[in-house]
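Just below is one structure, and these are the notes that go with it.
What follows is calculated from the coordinates using simple rules that are stated; it is not laboratory data. Everything numeric in this text was worked out from a predicted model, so none of it was measured. Reconstructed Cβ throughout: ideal geometry from the backbone, glycine too, with neighbour counts over all protein chains shown.
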Amino acid sequence: MMLDGCTPWPAGTAGRYRGAGLWRGTDLGSLPRAWADAHGTATALVAGPERISYAELADRVDRRAAGFVRQGVRPGDRIVLQLPNVPQFVEVAFALFRAGAKPVFSLTSHRAQEIRHLCELSGAAGYVLPGLFRGFDHTALGRRLAAELPSLRRVFVLDGTGVTDGDDLVVPLADVDAQPLPLPANDPSDVAFFLLSGGTTALPKLIPRTHDDYAYQTRTVARQSGLGPGSVYLAALPVEFNFTWGCPGVVGTLSSGGTVVLAPDPTADDCFRLIETERVTLTSVVPTVARLWLEERPWSDADLSSLEVLQIGGARLEPELAARITPELGCRLQQVFGMAEGLLTMTRPDDDPHAVLHTQGRPVSEADELRIVDALGAPVPPGGAGELLTRGPYTLRGYYRAPEHNARAFTEDGFYRTGDLASITPEGRLVVQGRIKDVVIRGGDKIAAGEVEAHLLAVPGIVAAAVVPVPDELLGERIYAFLVSRAEDGRKPSLSALKAALQERGLADFKLPDRAEYVPDLPLTPLGKIDKKVLSAAAADPAHPRD
Ligand code: J2J
């Protein structure tokens, strides 16, 4: 049974996935103990000077799970989890699985707008936060939200910032620690955790991932990536990103008996040093990070010879950049196309070099179904480009508590409309051609245009707003806002005033416009919708006049 508000796979389909041995009834909460039984003294996690064995990790997870129960966390509770790349992220995620609670993975860059929405939408009973992180007081935000939202009963603070004695709302994460308890197993077909959608709508959506589907995804990708006890995975990007968490990422590496090294951030400085000292064999980055690493490589004497594979995904990888990876970094390139919603495609070790540079590879599961359709939903002839639709054993059937959006985002027969434009080669490899969804992908961060537009419209003086991507060499795309201001008083907030206003509203920094331009009117299509094609073309035109 899936949590209320989720869309289960049809019984027949689920039966097929089980019958084929894809879904094996794995409870993610039971994994740390099973891993400890198999690899006890081996190193599971490395973070700075700290090295945590599999046995230690399982013990910490058991103690924290009991600690959460003592703090009143109940099976089925949703808990917003917002932590940087620290061992506690892994401990807390698995402890919550153990306790039957469902973490909602949030980004550390999220602010009041995003966290409030996640808490409201999920009806969160708890919020695990870093405390004071990169100059922002998350505890203060947690307190404010708890005052607004009656369902939010507990705030757990990693660094203890803002904790006061005798407070039963704000609790240090270190106190979430108790003698292990026998805890009931989870239903493997139920939601284990929620990932955040890259989004197309004004408000982000939650993606339910089940124990069975995520165990299948991570196991399959780990096997195809040849992971084993000798593998060392560097978590360079934020761990809560599906790419880093399970593609094969943290969960796939731990399932294989390997070691996960947590990098504080993806800078070349930090990561090159960790690759050298920890003998990292595999890591995953977005194209922007790969570009920065290539820029830094000639200036670094770090020994990167242990690195076997660099996975690159999350945004379009220019073939020119792809071609530089092996000669300049000395490792194999693996292109990955993925989405928190499910479907993953990857190039493989035995693919010919042309396929590795120019395609996003094949789906990871034989049971993944891909369709390419035209604007009317009809299949395009083989090889043609169109919207990619997909369904399969680890692709959601519906967002959480979003019936109206689900009616548009899925076909009647359960295919997810990805909003990506792609074609499929005769060998079955995916080639991403572009997007039809209204999203900006800025250095791998996904920004829903509609969300930024809604906030811009709330700024005094702005009467119309349209956000489009503009090409950028380093970030791939930047955020370009076209605005119409009220004519009578001629108020046209400057870019910095707009950014300040959006920050003031509590929007995460990575969603702030990079450029704003005032126009008398927004162009419309014959159907009366804002013509974003015209705006994108204007934004990208070097001769286009700017403020
Ligand atoms: C072009 N666009 C891509 C690629 C994703 C592995 C890797 C990435 C993600 C991810 C992920 C792309 N070329 N190679 O979850 O497990 C764009 C598409 C897609 C959207 C999904 C994983 N790889 N994209 O990026 O949920 O537009 O997942 O639909 O963040 O990123 O974004 P997200």
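A few remarks follow.
- Sequence-separation-based contact order of segment 25-127, relative, with Cα cut under 8 Å and 6+ spacing, percent: 28
- The distance from the alpha carbon centre of segment 423-454 to that of segment 1-50 is 29 Å, rounded to a whole number.
- Charge dipole of segment 439-540 (Cα centre as origin; +1 on each Lys and Arg Cβ, -1 on each Asp and Glu Cβ, all else neutral): 100 debye, rounded to the nearest 20.
- Taking amide H positions as modeled 1.01 Å from N, with prolines and chain starts lacking one, no residue 5 or more places away or on another chain lies under 5 Å from GLY414.
- The slack in the chain from GLU504 to ALA540, taken as 0.36 nm per residue of separation less the alpha-carbon distance, amounts to 10.1 nm.
- FRET efficiency, ASP177 to SER151 (Cβ-Cβ, R0 22 Å, nearest 0.05): 0.35
- For segment 405-456, GluC sites (Glu not before Pro) are listed when DSSP marks them as loop and at most 14 other Cβ atoms sit within 10 Å of their Cβ; the list is GLU412, GLU427.
- Highest-first arrangement of 63-72, 322-331, where packing means the average Cβ count within 10 Å: 63-72, 322-331
- Cβ crowding within 10 Å averaged over residues, with 361-369, 228-236 ranked highest first: 228-236, 361-369
- Cα gyration tensor shape for segment 439-540, rounded if a/c is under 1.5, else prolate or oblate: oblate
- Net charge of the neighbourhood of ALA458, taken over other residues with C-beta under 13 Å away and scored Lys/Arg +1, Asp/Glu -1, is -2.
- Among the trypsin sites (Lys or Arg not before Pro) found in segment 467-547, those both in a DSSP coil and sparsely packed, with 10 or fewer other Cβ atoms within 10 Å of their Cβ, are LYS529, ARG546.
- For the chain, the Cβ-based charge dipole about the Cα centre amounts to some 960 debye (Lys, Arg positive; Asp, Glu negative; other atoms uncharged).
- Euclidean distance between Cα centres, segment 180-214 to segment 322-368, Å: 26
- Note on ALA42 and LYS492: the model spin-label points, each 7 Å out from Cα along the C-beta direction, lie 6.2 nm apart.
- Peptides 537-543, 31-37 ordered by average Cβ neighbours within 10 Å, highest first: 31-37, 537-543
- Cut-off under 5 Å, modelled amide H: who pairs with PHE193 long-range: ARG209
- Each residue of segment 369-374 was assigned a 3J(HN,Hα) from its phi angle through the Karplus curve 6.51 cos²θ - 1.76 cosθ + 1.60 (θ = phi - 60°); the sequence is 10, 10, 9, 10, 10, 8 Hz, with glycine and proline shown as x.
- Normalising the average separation of contacting C-alpha pairs (under 8 angstrom, six or more residues apart) by the number of residues puts the relative contact order of segment 439-540 at 27 percent.
- Each of PRO266, CYS331, THR345 was scored by the projection of its Cα onto the charge dipole of segment 240-372, and the greatest displacement toward the positive side belongs to THR345; charges sit on the C-beta of Lys, Arg, Asp and Glu.
- Span from the segment 85-149 Cα centroid across to the segment 253-284 one, whole angstrom: 25
- Whether the chain is rounded, prolate or oblate, judged on the alpha carbon gyration tensor where a/c under 1.5 counts as rounded: rounded
- Neighbour-limited loop hits for GluC sites (Glu not before Pro), segment 462-547 (at most 11 other Cβ within 10 Å; DSSP other than H, G, I, E, B): GLU473, GLU488
- Counting beta carbons within 10 Å around each of HIS358, HIS544 and listing the fewest first gives the order HIS544, HIS358.
- The ranking of PHE482, PHE97 by Cβ neighbour count inside 10 Å, starting from the fewest, reads PHE97, PHE482.
- Mean separation of Cα contacts under 8 Å, 6 or more apart, over the residue count of the chain: relative contact order %: 12
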